[in-house]
1. For the stretch A:144-194 and the stretch A:261-339, what is the centre-to-centre distance using only Cα atoms, to the nearest Å?
2. May I ask for log10 I(q)/I(0) of the stretch A:1-81 at q = 0.12, 0.16, 0.18 Å⁻¹, from a Debye sum over the Cα atoms as equal point scatterers with solvent left out?
3. By the gyration tensor of its Cα atoms, with a ≥ b ≥ c the square roots of the eigenvalues, what is the shape of the stretch A:2-176: rounded for a/c under 1.5, prolate for a/b over b/c, or oblate?
4. Please say if the stretch B:98-216 is rounded, prolate or oblate, where rounded means a/c under 1.5 for a ≥ b ≥ c the square roots of the C-alpha gyration tensor eigenvalues, and otherwise the choice is prolate for a/b larger than b/c and oblate otherwise?
5. Taking the alpha-carbon centroid of each part, what is the distance from the stretch B:1-46 to the stretch B:205-256 in angstrom?
6. What ranking do B:His141, A:His38 get, fewest neighbouring Cβ atoms within 10 angstrom at the top?
7. Counting only helical runs of four or more DSSP H residues, what would the 222 nm mean residue ellipticity of the protein assembly as shown come to if each run contributes -39,500 (n - 2.57) and the total is spread over all its residues?
8. Can you give the Kirkwood hydrodynamic radius for the stretch B:90-147, in Å, rounded to one decimal and based on Cα pairs?
Protein chains: 2
Amino acid sequence: MLDKKVGKQTRRLHNPPVITATASIVGPKEGKGPLAAHFDLTVDDELWGEKTWEKAESKFVKETYAKILSNASLAANGVDYIIAGDLLNQSIASTFGLRDSGVPFYGVYGACSTIGESMGLGAMLIDGGFASNVVCITSSHFCSAEKQFRFPLELGSQRAPTSQWTVTGSAGVLLSAEGTGPFITKITTGKVVDLGIKDQNNMGAAMAPAAADTIYAHFEDTGLPHDYYDMVITGDLGSIGLEILDDLLSSNDIRIGKVLNDGGVMIFDKKQDVHAGGSGCCCCASVLAGYLYDSLKKGKLRKILLVPTGALLSPTSVQQGESIPCVAHAIVIENVIGG
Amino acid sequence: MLDKKVGKQTRRLHNPPVITATASIVGPKEGKGPLAAHFDLTVDDELWGEKTWEKAESKFVKETYAKILSNASLAANGVDYIIAGDLLNQSIASTFGLRDSGVPFYGVYGACSTIGESMGLGAMLIDGGFASNVVCITSSHFCSAEKQFRFPLELGSQRAPTSQWTVTGSAGVLLSAEGTGPFITKITTGKVVDLGIKDQNNMGAAMAPAAADTIYAHFEDTGLPHDYYDMVITGDLGSIGLEILDDLLSSNDIRIGKVLNDGGVMIFDKKQDVHAGGSGCCCCASVLAGYLYDSLKKGKLRKILLVPTGALLSPTSVQQGESIPCVAHAIVIENVIGG
C-alpha cells in the first residue's frame, strides 16, 4: 500500500479520480474580466436579492452546488460527501448554503487554499474506496470579506497598492471514481509556512513562501522535470506575490518560466483597478472551474499543477501583532493518466 | 472496493486504524472536575504566561501536540498529516499552535464535532494507504470563546440556565496504521441538520437533532442492536441536550438506556456551577483522550460510539436572525476488531 506515498508530502492516486463536472457563479466585476466566458452564471447584483452580504454569499454556494449537480446530471442522493469551506467566521457561507443538501458534510478551513485542500481530501476518499462522488466547493465575497477583515465599505477607505480584490462568487467541482478525465493523478499537501510577514495588505508576499515550499516539495518528491506541466497556477498570490514566488523558486534552481501563472493575476484585467489582483477562496476555484477546466476538456491544456495558497490569519491575530502563517496544497490534473 | 460503504453514511475500515496515543492539557476548572486524574497536565493559569487568551489557546495546542508525540515516542518527521481545527475565527489556535510542526496540515471546521471530523478523515487516509500516522487535535478556551461568541468577561454578564461552559484546553489523538488497539472500526459521517432553533444560549437543544440523526443513521446503516455499545457518548449536548436526544431517539424506537452519556455532562461536577454542562471542541476531545481512552486501554470499556456534535453558527448569523445548523460525526472505537 505504501507506494501511494511519493516522498514526504506527495501522494499518487492509484485509480485517479475524475473531475466530472464543475460550476462557477460570480459577481458583476468578475463577469467583466477576461475569463467571463467560462463562468456558468454572472449575477449583476452583489446582494443577489438577499438582505445581507453573508446571506448572499450563502446563496452563491447553494446555487453553485445545484449547478454542479445539474451539469453532472447527478441526483442529490448520488453525492457521498460534500467538502466545503470559506473565509467567513465559522464558515457560515458553506454551512448555511449547504444545510438543505442532505449529504454527509465535512467543513474545512484553508483560506484561499480551500479548494486545494478539499480536492486533495476528496481525491483520497475516492481512491481509498470510501466514496464514488465528492463535491468540493468554496466561496468568497468582496463585501463580506472587506467588512470582516478590513474596513466597512461605507468608510470608503483607500486601498494599499499591494492589496488584492476578493472575488465574489462560488465555485466547485464534482470528483468521481469513474469518467473520461481530466484526472487528479497526484497531490502534494502543504505544511504551514510563516516567514514573519506581518502586513495584512500584502498577502502576496506572505503567501509566496508557502507556495514555493509546496512546489519545491512536489518536484523533490516526484523527480519530475521542472518543465513537465503546461501550466503551474498558484492562487491567489496576485502580481506582487507571483514575482516573489518566481524569485524564490529560481533561488532553489526551479525555473518554471512563462507557464507559471496565478489565479489572482488571471481573473481580472489590470484596467479593472484591482491593484495587485484577485484573491479569496473563489478566485482560484473559479479559474479552475471555468477557464482551466474548459481548456483541459478541449485539450488546450493537457497537464497542470494547481497550487491554491491560503493566508491563515485573522483580524485578531493581526491586532495582537502576529505574523501571517500560510499554506499551499498542490493538485496535479492531467488529461491522460501519466507521470 | 465498494464494500467499505455500509449504507449511505457509514464506512467500514478494512484495516482499522489504531489510536496509539492521546494527550490532553486542560485549565484549572477542568482540573477540579471528576475526570481530572485522566488528563496529562492541568495548568493553573488560564493565560499560561501568555498575553492574550488566543495566544494561550495556541500554546495549549502546541504543548498538547508535543505531548502526543512524546506519549507515542514518535519523532516529528514520523507524522504524515495533522488534521486540526478550533472555534476561533479562522481557526488561529490551531494554525498558530502548529505552525512550527513542519508536517502537512489540513484545517477543519466542525465546532464541537471537530475531533469526530478529524478522526473520521484521518482514519480514512490511513485505511486508504495514504498515511501511517495522523495527528487529530483540537482546542477551546472559555475566555476566548466567551469574548468571541458572547460577552466580554469583564462585563460579568449573568449566564442563562441553559448555557454551557466552554472547556479550556487542547486534546488530540495519534492514529496509526499499526498497533494493538483500540481500533477505529467504522465511521458515520453526519449531514447538516437545522430544525430551526435560534437560541444561542441553548446549544444542547439545537444540537440534539443532529446527534439523533447521525446515531439513527449509524444503526440503520449497520443493523447493529441498539445495545451493542458499552457506551454511546455525544459531545457536547450538556444535560438539557442529552435529555432531548434521549427523547428523539426513543421516538424513533432507539433505546440506548443508561449507557447514553455526553462529554459535557461527564467533564464537570454539578457543583462546579456550569449550568447545563461543558462544551467546546476540547470537551469531547479531552474526555476521549483521557477517561475514555484509559478505560478502553484497561478493558473497562470494550466498544464505544463517540458522537462529537457541533453547532455551526457564528455571532453574525445569530445577529441576522438565522437558526443554528448542526452536525455530528460518529466514530466506532473497539478493543477488538469486531462488528
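Here, each number is a calculation from the coordinates, and none is a lab measurement. Small disclaimer: the values here were computed from a predicted structure and weren't measured. Every residue, glycine among them, receives a Cβ derived from its backbone with ideal geometry; neighbour counts consider all protein chains shown.
1. 7 Å
2. -0.55, -0.78, -0.86
3. Prolate.
4. Here the stretch B:98-216 falls in the oblate category.
5. 19 Å
6. Ascending Cβ contact count within 10 Å gives the list A:His38, B:His141.
7. When only DSSP H runs of four or more count, the value is -9000 deg cm²/dmol.
8. Hydrodynamic radius (Kirkwood, Cα pairs) of the stretch B:90-147 is 12.6 Å.
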